[in-house]
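Visitor: There's a structure below that I have some questions on.
Nothing in this text is a laboratory measurement; each read-out follows from the coordinates by a stated rule. Because the structure is predicted, anything quoted here is derived from the model rather than measured. Heads up, the Cβs are rebuilt from the backbone with ideal geometry, glycines too, and the neighbour counts pull from every protein chain shown.
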Amino acid sequence: MPELPEVEVVRRGLDRFVTGRTIESAQVLHPRAARRHSAGSADLQSRLAGRTIVTVSRRGKYLWFALDGRESALVAHLGMSGQLLVQPGVASDETHLRARFIFTDRGRELRFVDQRTFGGIALDPLVSDGSGGSVPVTVAHIARDPLDPEFDDALWVRRLRGKTTGLKRALLDQTLISGIGNIYADEALWRARLHWAQPTDELAAPKARVLLTEVRAVMNEALAQGGTSFDALYVNVNGESGYFDRSLAAYGQQDRPCSRCGRPIVREAFMNRSSFRCPHCQRAPRNPRT
DNA sequence: GATCGGCCCTGCCCGC
DNA sequence: TGCGGGCAGGGCCGAT
C-alpha cells in the first residue's frame, strides 16, 4: 500500500537506475495497466521507443519519468499493489507483470508489476507547475505534498478550515494535500490526538498546524526506515520491504494497547475501509463528520 | 461548486 | 477439502 514515503523510496531507486538511459522497447502486457493512456497500449509502446529518461520526479503518490526534450513524461501510479522493479533481463517474469521496459544498453530492465491493477502508466505532456518546474498534465490537479519545499502551510490551513467535511477525509483529498493514504492519515491523527470525524471548519488553526507537523514527522520517520510494508505488496526497486510497520501506533493495531494511555485501539468503518484510533486520546467530536 | 458514496480489481483469509 | 463472502484501498465518476 504505497503512500508518499514508499513512493519516494521507489523514486530514489529509479533515479539511480534509469536516469540517462534510453528505452529501446516498451511492452504493455495488460491493457488495464495503460488505461489512463487514452490512445491505448500500442500507441504508448510506440511513443516510448527511442526516448531517453532525463529525470525521475514525484508529487504525492504519482511518479513520472521526464523524457528527452522535457515536453512529455511517462507517468506511473502504483495504486494499491504496484511495484516498479529493476531486474536482470534473464529473471523470470513476475506473476503480475504488467509492463516491461528494455533499454538500449541492455542492462537491467524496468518492470511494472501490479497484482490488483489499481495502478497504471501513461504518457503525458508536461505543463508548468507555476514555480519554474513542470508537471504532467494529469498530475496538475494534485496538490503539492507535505515534503515539497514549495508546500504552503498557511494556505493549506486556510483551505482545510474552509472545507465542511471530516478531518480524515480532508487528509485523503489529494487536491488539498497529496501523498497521504489510510495508514499515514491514521498515524498523524493519533499523534495529533485528533479524531477522524473532527469537522474541518471547527478545527482551530493551531491544531491544524500541529497536525501538519505530525504528518511530516511520521512521513520522515517512515522514509528513514524505507517505508511501511505489511506484506510483499510494497517493495523498493530491488524487491526489498521497509520496516516502518513495526513503528505504527494506530493503523492495524486493533485491540492492542495504545502506547500513550494503554487503552485498546479500536477499528471503525470509514469510507468503505477501516480507521484505527485510540478512544481515549482521540475523543469523538460533538458534531462528527464523515 | 462542494460533498459523499460506490465502484474498479485480485488475492488472501476465514467461516461454513 | 472446497466454496463463498468479506476485506484491503487510491482515484475517479456520478448522484445529491
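Visitor: Within a 10 angstrom radius of the beta carbon, how do A:S131, A:S81 rank from fewest other beta carbons to most?
Guide: Details: A:S131 11, A:S81 19.
Arranged by neighbour count, lowest to highest, A:S131, A:S81 become A:S131, A:S81.
Visitor: Trypsin sites (Lys or Arg not before Pro) within region A:84-126: which are DSSP loop residues with at most 10 other Cβ atoms inside 10 Å?
Guide: Details: sites: A:R98, A:R100, A:R106, A:R108, A:R111, A:R116; in loops: A:R106, A:R108, A:R116.
Qualifying residues, ordered by number: A:R106.
Visitor: Treating cross-link reach as a plain straight distance, find the aspartates and glutamates whose alpha-carbon is under 15 Å from the alpha-carbon of A:K207, omitting any fewer than eight places away in the same chain.
Guide: A:K207 reaches A:D153.
Visitor: Another question about this same structure. Once you order the gyration tensor axes a ≥ b ≥ c over the Cα atoms, which shape class does region A:1-104 get: rounded for a/c under 1.5, otherwise prolate or oblate by comparing a/b with b/c? Working shown, then result.
Guide: Values: a/c = 1.20, a/b = 1.08, b/c = 1.12.
The shape class here is rounded.
Visitor: Would you mind getting me the FRET efficiency between A:D152 and A:R256? Use the beta-carbon distance for r and R0 = 35 Å, nearest 0.05. Before the final figure, lay out each step's value.
Guide: Working: r = 37 Å, r/R0 = 1.05.
According to the calculation, E is roughly 0.40.
Visitor: To make sure I understand, if each residue's beta carbon is the centre and we count other beta carbons within 10 Å, what order do A:T165, A:T200 fall in, fewest to most? Please report the intermediate quantities before stating the final value.
Guide: Values: A:T165 16, A:T200 22.
The fewest-first ordering by Cβ neighbours comes to A:T165, A:T200.
Visitor: Once you sort the root eigenvalues of the Cα gyration tensor of region A:55-147 as a ≥ b ≥ c, which label holds: rounded (a/c under 1.5), prolate (a/b larger than b/c) or oblate (the other case)? Present the calculation step by step, with values, prior to reporting the outcome.
Guide: Details: a/c = 2.62, a/b = 1.55, b/c = 1.69.
In terms of gyration-tensor shape, oblate.
Visitor: Please arrange A:K168, A:K163 by how many other C-beta atoms lie within 10 Å of their C-beta, fewest to most. Display every interim value, and only then the final one.
Guide: On the way: A:K168 26, A:K163 17.
Fewest-to-most ranking of A:K168, A:K163: A:K163, A:K168.
Visitor: With a 10 Å cut-off between alpha carbons and a GNM built on chain A, which of A:T164, A:T52, A:T138 moves the most?
Guide: A:T164
Visitor: Residue by residue through region A:248-265, what is 3J(HN,Hα) from phi via Karplus (6.51 cos²θ - 1.76 cosθ + 1.60, θ = phi - 60°)? Round to whole Hz and write x for glycine and proline.
Guide: 5, 9, 10, 4, x, 9, 3, 6, 8, x, 4, 6, 9, 10, x, 6, x, 5
Visitor: I've got another one for you. Give the long-range amide H neighbours of A:F151: residues separated by 5 or more places, or on another chain, with amide H under 5 Å away, using H modelled in the peptide plane at 1.01 Å from N.
Guide: Amide H to amide H, under 5 Å and 5 or more residues apart or across chains, A:F151 pairs with nothing.
Visitor: Mind running the shape call on region A:138-290? Use the C-alpha gyration tensor, a ≥ b ≥ c as the square roots of the eigenvalues: rounded below 1.5 for a/c, prolate if a/b tops b/c, oblate otherwise.
Guide: Working: a/c = 1.73, a/b = 1.08, b/c = 1.60.
The shape class here is oblate.
Visitor: Right, next: Through the Karplus equation 6.51 cos²θ - 1.76 cosθ + 1.60, θ set to phi - 60°, convert the phi angles of region A:55-66 into ³J(HN,Hα) values in whole Hz; use x for Gly and Pro.
Guide: For region A:55-66, the Karplus curve yields 8, 10, 10, 8, 9, x, 9, 8, 10, 8, 10, 6 Hz.
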